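Presented below is the structure to which this report refers.
The values are calculated or read from the model by the stated rules, or taken from the named source; none is laboratory data. Bear in mind that the values here come from a model prediction, so they are computed numbers and not experimental data. Cβ atoms come from the backbone with ideal geometry, glycine included; neighbour counts cover every protein chain shown. All accessible areas refer to the heavy atoms of the entire protein, side chains included, with ligands and DNA or RNA removed. Shrake-Rupley method; radii C 1.70, N 1.55, O 1.52, S 1.80 Å.
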Amino acid sequence: MIITLKNQKDIEQRESLIDWIKDLGLDVHISEGVGTTILGLIGDTSKVDIDLIRSLDIVDSVNRIQEPFKNANRKFHPADSIIDVSGVKFGGDNFQFIAGPCSVESEKQVVSIAEEVKKAGATLLRGGAFKPRTSPYAFQGLGVEGLKYLKKAREVTGLPIVSEIMSADFISDFEDVDLIQVGARNMQNFELLKELGKINKPILLKRGLANTIEEWLMSAEYIMSEGNENIILCERGIRTFEPYTRNTLDLSAVPILKEKTHLPVIVDPSHATGINRLVRPMSRAAVASGADGLLIEVHNDPQHALCDGAQSLKPEQFAEVVVDCKKILEVIR
Ligand code: PEP
Ligand code: MN
C-alpha cells in the first residue's frame, strides 16, 4: 500500500501517522520526491483501514499495490535509484561498461585485460574467481586467489571490481569487492540473498536461467527486505527452445523493468548469446532499449580462455562496441 501525502510541512502529523502505522506492525518506506512524500507500507496491510487514512488532512491518496514486490516497486520510489559502486554510479543518466574475462586465470592475464578494457572505455572490471560450471570436471576458478589478482588489477587501473559469489560462507572474502555478483544459477538461493541483504554492498543480481521478471524482482526484494537496497539487475538471457544462441536475450525485460522498478538494469549480451559476433549488435540493441549499462566478457586470447572463450571479445572488438554504444546513447538521451 502507498500513501501519498499532500505537499505540506506538518511534520508532527506526518510523524504521528508513521508511528501509528508502525504500531500496526508494518514497516514504512519513505520516499521524498519534489513536492511529494510517499509512504510505502510493507507487511500485512489487510488490517489497515484505508478510509480512515484517506480522511486525514495530510493525506492526498491511498492505493493498494497489487504486485508482491514492495521495496523494489517504482510506486514506492518513483525516481530512479542511483547505485554508487565505489564512486561509479548506475541508474538515472549514467551508463556504465563492465568488462573483463569470464574467469580470472592469472595475475598477468587479469591485469593486462584490465589495462586494455580501461583504455577502450570500461568503467568497471569483471572477473570470475568462483565459477558456477555445469561440469564438476571443468575449471572451477581460482577462488580467493583469483580475488587477490582482481584487486591487483584494480590497484593498477583504478577500475572497481565485480565478481560472483556462490555461497554466503565466502561473504567475508568479498568485503573488498566493489560489486558482488549473484549469478543466474543462484538467483533463487534465498539463504544467500538474505545474507547479502545484511551487508551494505552493491549487489549485481542476474536473472535466473528460467525465471520470470516477477520472480527476479522478488529475489531483489529478498535482499532489500533485509536492509540492503543497493541492487543492480542484469538481464543475461533466458532458456527457450532456440538452440542457435546459448540463451535468448529478453530485451523487452528492460523497458518492463523500467516501469516496474526504480533499480538500474544492465544487459549481458555475452552469456545471452554465447557467440562473440552477436555481442556487438545485441549491445547496440540493449542500449537502444534503455539499459543502464552493459556487462561484456573480454579476453586477450579467447581461443585459449579457460571459460566462455566463444562468447568473449578481444579488447579491440570491445572498443568498437563502446564507440557504437556511446553514439546510440547520444541519440536516445
Ligand atoms: C558470469 O557472469 O560469468 C556468469 C556465470 O554469468 P551467469 O550467471 O549469467 O551465467
Ligand atoms: Mn562467463
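Sort out which residues of segment 318-333 are at pLDDT 95 or above and out of contact with any helix residue (DSSP H, G or I) (no Cβ under 7 Å at 6 or more places or on another chain), and write them in order of number. Correct list: Val323, Lys326, Lys327, Glu330, Val331. Looking at segment 291-306, can you tell me whether even one residue there is open to solvent by less than 30 Å² (accessible area, probe 1.4 Å), within 16 Å of ligand 2 (Cβ to nearest atom), at negative phi and more than 24 Å from the chain's Cα centre (by Cα)? Scanning segment 291-306 turns up at least one residue that is open to solvent by less than 30 Å² (accessible area, probe 1.4 Å), within 16 Å of ligand 2 (Cβ to nearest atom), at negative phi and more than 24 Å from the chain's Cα centre (by Cα).
Residues checked against (1) within 16 Å of ligand 1 (Cβ to nearest atom); (2) modelled with pLDDT of 95 or more; (3) among the acidic types (Asp, Glu):
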residue: Glu226; (1), (2), (3): no, yes, yes
residue: Cys234; (1), (2), (3): yes, yes, no
residue: Glu242; (1), (2), (3): no, yes, yes
residue: Thr245; (1), (2), (3): yes, yes, no
residue: Pro255; (1), (2), (3): no, yes, no
residue: Glu259; (1), (2), (3): no, yes, yes
residue: Pro264; (1), (2), (3): no, yes, no
residue: Thr273; (1), (2), (3): yes, yes, no
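Note on segment 168-181: residues that are under 19 Å from Ile83 (Cα atoms), touching a helix residue (DSSP H, G or I) at 6+ places or on another chain (Cβ under 7 Å) and either among the aromatic types (Phe, Trp, Tyr) or open to solvent by less than 70 Å² (accessible area, probe 1.4 Å) (or both) total 2.
Restricting attention to segment 44-80 and to residues that are among the basic types (Lys, Arg) and touching a Gly at 6+ places or on another chain (Cβ under 9 Å), the residue that is surrounded by the most Cβ atoms within 10 Å (Cβ to Cβ) turns out to be Lys70.
Residues that are surrounded by fewer than 24 Cβ atoms within 10 Å (Cβ to Cβ) and away from ligand 2 (no atom under 16 Å from the Cβ) within segment 273-290 comprise Arg277, Arg280, Pro281, Arg284, Ala285, Ala288, Ser289, Gly290, listed in sequence order. Output the number of the condition that Ser270 fails; it satisfies all remaining conditions of (1) within 16 Å of ligand 2 (Cβ to nearest atom); (2) open to solvent by 10 Å² or more (accessible area, probe 1.4 Å); (3) hydroxyl-bearing (Ser, Thr, Tyr). Here Ser270 meets the rest and fails (2). Residues being more than 23 Å from Ala272 (Cβ to Cβ) and under 18 Å from the mean Cα position of the chain (by Cα) are entirely absent from segment 94-110.
For first residues located in segment 181-192 and more than 8 Å from ligand 1 (Cβ to nearest atom) and charged (D, E, K, R), partners that are open to solvent by 10 Å² or more (accessible area, probe 1.4 Å) and at pLDDT 95 or above and lie 6+ apart or on another chain with Cβ distances below 9 Å form the pairs Glu191/Ala168.
Of the helices (runs of 4 or more DSSP H) lying entirely inside segment 205-295, the ones with 2 or more residues being touching a residue at least 60 places away in the same chain (Cβ under 8 Å), hydrophobic (A, V, I, L, M, F, W, C) and over 24 Å from Lys118 (Cβ atoms) are found at 213-225.
Okay, residues lined up against (1) under 16 Å from Thr157 (Cα atoms); (2) of a type outside the set (D, E, K, R); (3) away from ligand 1 (no atom under 16 Å from the Cβ):
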| position | (1), (2), (3) |
| --- | --- |
| Ser55 | no, yes, yes |
| Arg64 | no, no, yes |
| Asn73 | no, yes, yes |
| His77 | no, yes, yes |
| Gly91 | no, yes, yes |
| Phe95 | no, yes, yes |
| Ala99 | yes, yes, no |
| Lys119 | yes, no, yes |
| Pro132 | no, yes, no |
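Total residues in segment 218-252 satisfying the condition of being surrounded by 23 or more Cβ atoms within 10 Å (Cβ to Cβ), more than 19 Å from Asn200 (Cβ to Cβ) and of a type in the set (A, V, I, L, M, F, W, C): the figure is 2.
Consider Phe139 carefully, then state whether it is of a type in the set (Phe, Trp, Tyr) and crowded, with 16+ Cβ neighbours inside 10 Å. For Phe139, the condition - of a type in the set (Phe, Trp, Tyr) and crowded, with 16+ Cβ neighbours inside 10 Å - is not met.
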